[in-house]
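Please read the structure below before turning to the comments.
The values are calculated or read from the model by the stated rules, or taken from the named source; none is laboratory data. The shown structure was predicted, so the numbers you read here are calculated from the model rather than taken from an experiment. Please note: Cβ atoms are built from the backbone with ideal geometry, for glycine as well, and neighbour counts cover all protein chains shown.
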Amino acid sequence: VSRKHGLDAITLDGDKVSSRGTLTGGYQDPSRFIRLTYSDKMRQAKAQITTILPQLTEIENKAQEAYTQLDELHGRRRALQDERGQKRAQLLAAAEAMREAEGMSSRQEEAIRRHRERCSDLQAQVAECEAAIQGMESEMQTSSLGDLTSEEEASVQRLSAELRTLEQSLEASGEQCHQLQRDLKGREQHLQDFLRTRLHEIEAELRRDAQADHDERLQERRKVSERLEREHEEASSKLGALVRQLSEADDGLAAAKNSAEGLQAEEQRLQAKMAQFTGHLDEIVLKVNNLVKKKGEADEKLRSLTIVSADMGKYKQMSAQQLMKNLGTTNKALSKFEHVNKKAIDQFTTFTDQLEELQSKKAVIDESRESVEQFMAKVDEQKDETLRQTLTEVDKHFQSIFSELVRGGVAKLRMVTTEDVPDDDGADDSMGVPVVDFAKGVRIEVSFTGQSSSFLTMQQLSGGQKTVVAIALIFAIQRLEPAPFYLFDEIDAALDTQYRTAIARLIARDAKNAQM
């Protein structure tokens with residue numbers, strides 16, 4: 001159209017199209033849309049992190065349950081091992097009883113053998129006595145008693161009486177020996193029968209118990225082993241799946257964190273760039289104002305040129321040469337405004353909208369900052385209250401323990417506040433939030449004599465006194481939060497006998513509730 005009619009035209013986008021076919025002017029900043037893109041990416045990353053964190057917590061809980069089940073399986077295994085040890089001990093006791101029975105049988109056989117030897121000796125003595133009696137009788141029958149004197153006859157009579165007495169004793173001994181042999185044989189037979197029967201009963205009972213216990217234990221252990229293997233396989237598979245899920249969640253979380261860090265860095269860069277654009281915007285606004293002013297002047301001049309007035313009569317009276325001269329002067333004046341960007345007003349409107357949007361976001365950020373400051377103040381108050389309560393409890397335990405270690409001693413903990421120690425750094429932080437940090441430390445004051453006027457600080461104590469105070473403070477803290485295990489390393493090196501004994505009593509009493 002411009003080439004056809006030989007006119008310069010302005011498009012709807014603000015581009016200037018000359019009659020020669022060239023296209024100039026127009027401006028559009030594509031970088032102003034980057035911040036919106038990165039804001040969307042950041043919101044997506046935060047949403048992804050919010051979604052992954054509950055999954056990670058659930059995975060950790062499942063892993064903990066798997067570990068708990070594994071501990072239960074180990075406990076069952078230990079119980080089965082203990083039961084197997086008890087059964088083995090019972091078998092060993094039965095074997096020991098069997099060995100004792102065998103030993104008793106051996107001792108009974110040895111007693112029977114000794115009784116048999118004694119019977120043999122008695123039988124030999126009886127045979128000797130019978131032979132002696134027979135010899136004496138034959139000698140008495142063959143000897144002539146007519147030649148004997150009265151003394152010899154008396155001696156023969158006495159010997160005959162003794163012989164009859166010996167014969168009677170021999171008969172009684174023989175009868176007793178036979179009775180003993182019969183009793184011995186009866187007892188021996190009874191003992192052998194009893195031992196044989198008892199031995200068979202014990203062997204049969206042991207075989208039955210051993211077989212039954214073995215079968216029962218074997219079956220039970222086989223079932224337990226199969227169940228444990230199944231549970232172990234299930235736990236291993238679950239644990240593997242949980243580990244894989246945890247690894248995937250860690251990878252996703254790491255990627256999300258990296259993406260968030262990149263987005264934060266990009267946001268900082270965009271904020272810096274936006275600040276630069278804001279300064280540039282101010283310059284453009286100033287230029288636009290000047291251009292608007294000049295445009296108003298030019299429009300006024302244009303209206304003065306286009307409005308038909310009484311001056312037209314003056315131009316009608318001019319010659320063509322004068323009119324051409326005035327036209328050249330006017331065109332020269334108009335040529336001064338060719339460099340003006342026709343889109344300056346659109347750009348001004350766009351930047352103004354962006355400025356209003358940024359101001360609204362700044363208001364939201366200021367409101368969020370105020371909420372954060374209120375939350376921080378509340379947290380500081382809770383922190384201060386917790387600190388006061390904790391110090392009060394520790395001070396109570398510290399006074400009690402110190403009075404036990406030092407007879408008549410008095411100790412106390414005092415909080416050093418900002419009123420005691422002036423703060424030269426100011427009371428505001430970088431965000432303008434008042435610092436609720438009234439506590440600067442804790443001061444220990446002790447008196448080993450019990451007098452309130454003789455309180456000393458740690459710098460005024462000796463090495464042994466510092467050790468006593470330190471031990472009392474440590475035990476006071478541990479009574480507030482007890483631990484299951486304590487390790488001491490030569491804590492009595494700098495102590496006197498009195499303090500060493502007191503600390504030993506303290507440790508002995510507390511050792512009932514913890515391992516020391």
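Of all residue pairs spaced 6 or more apart or on separate chains, those with beta-carbon atoms under 9 Å, a first member in the range 387-404 that is of a type in the set (Asp, Glu) and a second member that is in a helix (DSSP H, G or I) and surrounded by 15 or more Cβ atoms within 10 Å (Cβ to Cβ) are Glu393/Ala476; Glu393/Arg479; Asp395/Ala476; Glu404/Ala472; Glu404/Ala502; Glu404/Leu506. The criterion of being basic (Lys, Arg) and within 30 Å of Ser237 (Cα to Cα) does not hold for Arg88. Quick one: in the range 466-516, which of the residues that are surrounded by 11 or more Cβ atoms within 10 Å (Cβ to Cβ) and small (Gly, Ala, Ser) is farthest from Arg407 (Cα to Cα)? Result: Ala514. I'd like the residue in the range 265-307 that is among the charged types (D, E, K, R), at pLDDT 75 or above and surrounded by fewer than 12 Cβ atoms within 10 Å (Cβ to Cβ) and, out of all such residues, is farthest from the chain's Cα centre (by Cα). By that ranking, first place goes to Lys293.
Give Ala79, Ala63 a once-over and let me know the one that is in contact with a Leu (Cβ under 6 Å, 6 or more places away or on another chain), within 26 Å of Arg227 (Cα to Cα) and assigned by TED's automatic domain parsing to the domain that holds Lys185.
After ruling out the rest, the residue left standing is Ala63.
The test for being outside the structural domain of Ala439 (by TED's automatic domain parsing) and more than 40 Å from the chain's Cα centre (by Cα) does not hold for Asp380. Taking the numbered list (1) surrounded by 14 or more Cβ atoms within 10 Å (Cβ to Cβ); (2) at pLDDT below 80 in turn, Ala95 passes all entries but (1).
Return the only residue of Glu188, Glu171 being of a type outside the set (Ser, Thr, Tyr) and at pLDDT 75 or above. After ruling out the rest, the residue left standing is Glu171. Here Asp425 clears all of (1) within 30 Å of Ser368 (Cα to Cα); (2) modelled with pLDDT of 85 or more except the condition numbered (2).
State all residues of the range 462-479 that are small (Gly, Ala, Ser) and either touching a residue at least 40 places away in the same chain (Cβ under 8 Å) or not in a helix (DSSP H, G or I) (or both); if no residue qualifies, say none.
Passing the criteria: Ser462, Ala472, Ala476.
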